[in-house]
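Below: one structure, written as structure tokens.
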Amino acid sequence: GAVVSQHPSRVICKSGTSVKIECRSLDFQATTMFWYRQFPKKSLMLMATSNEGSKATYEQGVEKDKFLINHASLTLSTLTVTSAHPEDSSFYICSAKTGVLYEQYFGPGTRLTVT
Amino acid sequence: EDQVTQSPEALRLQEGESSSLNCSYTVSGLRGLFWYRQDPGKGPEFLFTLYSAGEEKEKERLKATLTKKESFLHITAPKPEDSATYLCAVLNAGNNRKLIWGLGTSLAVNP
């Protein structure tokens, strides 16, 4: 149980284009989903938190116009990196939790490379 | 300031050589402490949640314990497949939407 999928697992795009990453909870309803970035040898950095049907809450320093988050249903959240630049290259990971439980369950991650 | 520190940064063991990983934390009221395992190029895999001092949880060769200042992840008779980075995170009572992460311990188990 508590399986979260992400698609795509890897994506390479050209500078200036947009990329959409999907995060799905496969066997539970995710009332809250989270998006993280992870740099080599660094801890997970929370980018934003989204609740189903509500606008996402972004962490300080994260550009909401650049990283568009949609949580349209209890099983799907999307992250769109708009006008991507090489500095946006990173490992993006989503997680999901349900109801009053505190545990977050993570997807397998998406490696984004912007050329 | 809420903080999580994991030690050692890296650990190399021989197969069957038991050891412990440490996660020290300072938070303004602990809502929960979490252990995750992360393989290279993958997302973290949930292992345990501990809520209060004295609590212990086990799963196969892993056992997690909690005190008021730290948590230990004990690995008994590890196997090469236990090689991974082990991450610790805490949730404080004041802000229950954001986990505070340690940098992890990279464990390598040699056959």
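Numbers for the structure displayed
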quantity: Matching residues, segment B:76-101, being at pLDDT below 90 and of a type in the set (S, T, N, Q); calculated: B:92, B:95, B:96
quantity: Top-ranked residue in segment A:55-81 [being assigned to a strand (DSSP E or B) and over 13 Å from the mean Cα position of the chain (by Cα); ranked as surrounded by the most Cβ atoms within 10 Å (Cβ to Cβ)]; calculated: A:73
quantity: Segment B:88-111: number of residues that are among the aliphatic types (A, V, I, L, M), within 14 Å of chain A (Cβ to nearest Cβ) and under 14 Å from residue B:8 (Cβ atoms); calculated: 1
quantity: Residues of segment A:82-103 that turn out to be part of a loop (DSSP other than H, G, I, E, B) and either at pLDDT 95 or above or under 12 Å from the mean Cα position of the chain (by Cα) (or both), as a count; calculated: 5
quantity: Residue count, segment A:1-54 (criterion: loosely packed, with under 14 Cβ neighbours inside 10 Å, basic (Lys, Arg) and within 19 Å of residue A:104 (Cβ to Cβ)); calculated: 1
quantity: Count of residues meeting criterion [out of contact with any Leu (no Cβ under 6 Å at 6 or more places or on another chain), within 9 Å of residue A:4 (Cβ to Cβ) and outside any loop (DSSP other than H, G, I, E, B)] in segment A:20-32; calculated: 2
quantity: Selected residue (only one of B:83, B:71 is small (Gly, Ala, Ser), within 10 Å of the chain's Cα centre (by Cα), more than 14 Å from chain A (Cβ to nearest Cβ) and at negative phi); calculated: B:71
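The values are calculated or read from the model by the stated rules, or taken from the named source; none is laboratory data. For clarity, every value in this text was computed on a predicted model and none was experimentally measured. Methodologically, a virtual Cβ is constructed for each residue, glycine included, from the backbone with ideal geometry; neighbour enumeration extends over all protein chains shown.
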